[in-house]
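Have a look at the structure below, then the notes.
Only the coordinates and a few stated rules stand behind these numbers; no lab work does. Small disclaimer: the values here were computed from a predicted structure and weren't measured. Don't worry about glycine lacking a Cβ; one is built from the backbone with ideal geometry, like all the others, and counts go over all protein chains shown.
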Amino acid sequence: TSTPVTVTVTGAAGQIGYALLFRIASGQLLGPDVPVRLRLLEIPQAVKAAEGTAMELEDCAFPLLAGIDITDDLKTAFDGANVALLVGARPRTKGMERGDLLEANGGIFKPQGEAINAHAAEDVRVLVVGNPANTNALIARSHAPDVPADRFTAMTRLDHNRALAQLSKKAGVPVSAIKKMTIWGNHSATQYPDIFHAEINGRGAAEVVDDQAWLENDFIPTVAKRGAAIIEARGASSAASAAGAAIDHVHTWVNGTAEGDWTSMAVVSDGSYGVPEGLVSSFPVTCSGGRWEIVQGLEIDDFSRGRIDASVAELAEERDAVRGLGLI
Ligand code: NDP
């Protein structure tokens, strides 16, 4: 067998962590032949809970699990990390202003970026899940100047998967019949799930569905507000689906997109589609050989342009806010 890949998970004792770790340890993140060593980062008061999760991981006797370290120390957590899943974040609590939220998260993602810069493996790949994910990724990245910018990504795969599920229900086709779904912009209520380039069994999805009212009044808001609907129904935020999307994101990044398909990832913009350079924004991407590439040359109509611009404007505001706070 090969040398274990070191996978660091922050916020490991949280709900998403609980749904994520068992899937990583069973080989679903990197593949059935790749042994993994887990590094669990938690804040001191949650280390004990992480130890409990680690006991359960041990009890699963996963053949691919080469070891588990639990720590509240950043250097230990990111030392030699090949994959870093940044899940732990400061959630917005009642009465908290957006500036407070960005500042609290800056206090988490700035030192994590620095630790990744100083200690992670040369091939480190970072996925930020903790919200506000795009801007947290921007903060971490700007404190890791020695790590190539393309290694910092944020998760919009859950939005992508939610969009696939809604379209599959509407069209009465299995999810596997749908290709080339796209999420643009911020992982927030302004995100734009775009079906105009999507295909259902090889035909244009928007033509197959042919229902602009559904698109505007049902599909887009349902996908964008799905998180709130789950909290309402379940009494807790989505966790297993978020963990599943994190697994999908890294698996696709490392193992590639299928021929004739793409996925959605929030990545550092190179200016494509008018998204200002440096913003961490969601794009359609293909992956191959462990690298992502933004799909180029898509035609963007006025409807889509307006939606993309609105979400990107929100990202620019968040960037300006964290810049104002001295976090980047
Ligand atoms: P969860 O595990 O449910 O969520 C973790 C983060 O993921 C939150 O920021 C959450 O944002 C975000 N998230 C992104 N997408 C989704 C989604 N679709 N559904 C739900 N959440 C999503 O949070 P818990 O409170 O259970 O656990 C967080 C853990 O992180 C705690 O154990 C805490 O101790 C730890 N933590 C660790 C830090 C560290 O290691 N340095 C720093 C801060 C916290 P949102 O809240 O907006 O839903």
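Table for the structure above
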| read-out | value |
| --- | --- |
| Members of segment 24-47 that are in contact (Cβ under 8 Å) with a residue 24 or more places away in the chain, surrounded by fewer than 16 Cβ atoms within 10 Å (Cβ to Cβ) and over 19 Å from Val126 (Cα atoms) | Pro32, Asp33, Ile43, Pro44 |
| Every residue from segment 54-104 that is near the ligand (Cβ under 10 Å from one of its atoms), basic (Lys, Arg) and either farther than 22 Å from Leu315 by Cα or buried (at least 17 other Cβ atoms within 10 Å of the Cβ) (or both) | Arg90 |
| Per-region count, segment 297-308, residues out of contact with any helix residue (DSSP H, G or I) (no Cβ under 7 Å at 6 or more places or on another chain) and surrounded by fewer than 19 Cβ atoms within 10 Å (Cβ to Cβ) | 8 |
| Qualifying positions in segment 210-231 - more than 13 Å from the ligand (Cβ to nearest atom) and over 15 Å from Met181 (Cα atoms) | Asp210, Asp211, Gln212, Ala213, Trp214, Glu216, Asn217, Asp218, Pro221, Thr222 |
| Members of segment 232-250 found to be more than 14 Å from the ligand (Cβ to nearest atom) and surrounded by fewer than 18 Cβ atoms within 10 Å (Cβ to Cβ), listed by number | none |
| Residue list for segment 137-148, filter: away from the ligand (no atom under 14 Å from the Cβ) and under 17 Å from Pro111 (Cα atoms) | Leu138, Arg141, Ser142, His143, Ala144, Pro145, Asp146, Val147 |
| Filtered residue count, segment 114-134, keeping only those that are within 12 Å of the ligand (Cβ to nearest atom), under 17 Å from Ala266 (Cα atoms) and surrounded by 24 or more Cβ atoms within 10 Å (Cβ to Cβ) | 7 |
| Filter pass, Ala12 being of a type outside the set (Ser, Thr, Tyr), in contact (Cβ under 8 Å) with a residue 40 or more places away in the chain and over 15 Å from Thr71 (Cα atoms) | no |
| Tabulated pairs, segment 88-105, first in contact (Cβ under 8 Å) with a residue 60 or more places away in the chain, second among the polar types (S, T, N, Q) and surrounded by 15 or more Cβ atoms within 10 Å (Cβ to Cβ), C-beta under 7 angstrom, 6+ apart or interchain | Gly88/Thr10; Ala89/Asn105; Ala89/Asn131; Ala89/Asn136; Leu102/Thr135 |
| Segment 32-69 - residue that is touching a helix residue (DSSP H, G or I) at 6+ places or on another chain (Cβ under 9 Å) and in a strand (DSSP E or B) and, of those, nearest to Gly88 (Cα to Cα) | Leu41 |
| Residue in segment 192-224 that is surrounded by the most Cβ atoms within 10 Å (Cβ to Cβ), counting only those that are more than 21 Å from the chain's Cα centre (by Cα) and of a type in the set (S, T, N, Q) | Asn201 |
| Any hit, segment 50-59, residues being under 24 Å from the mean Cα position of the chain (by Cα) and closer than 19 Å to Val126 by Cβ | no |
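To keep it simple, each residue is scored yes or no on (1) closer than 22 Å to Trp253 by Cα; (2) within 14 Å of the ligand (Cβ to nearest atom); (3) of a type in the set (Ser, Thr, Tyr).
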{"site": "Pro4", "(1), (2), (3)": "yes, no, no"}
{"site": "Val7", "(1), (2), (3)": "yes, no, no"}
{"site": "Ala12", "(1), (2), (3)": "yes, yes, no"}
{"site": "Gln15", "(1), (2), (3)": "no, yes, no"}
{"site": "Gly27", "(1), (2), (3)": "yes, no, no"}
{"site": "Leu30", "(1), (2), (3)": "yes, no, no"}
{"site": "Gln45", "(1), (2), (3)": "no, yes, no"}
{"site": "Lys48", "(1), (2), (3)": "no, yes, no"}
{"site": "Gly52", "(1), (2), (3)": "no, yes, no"}
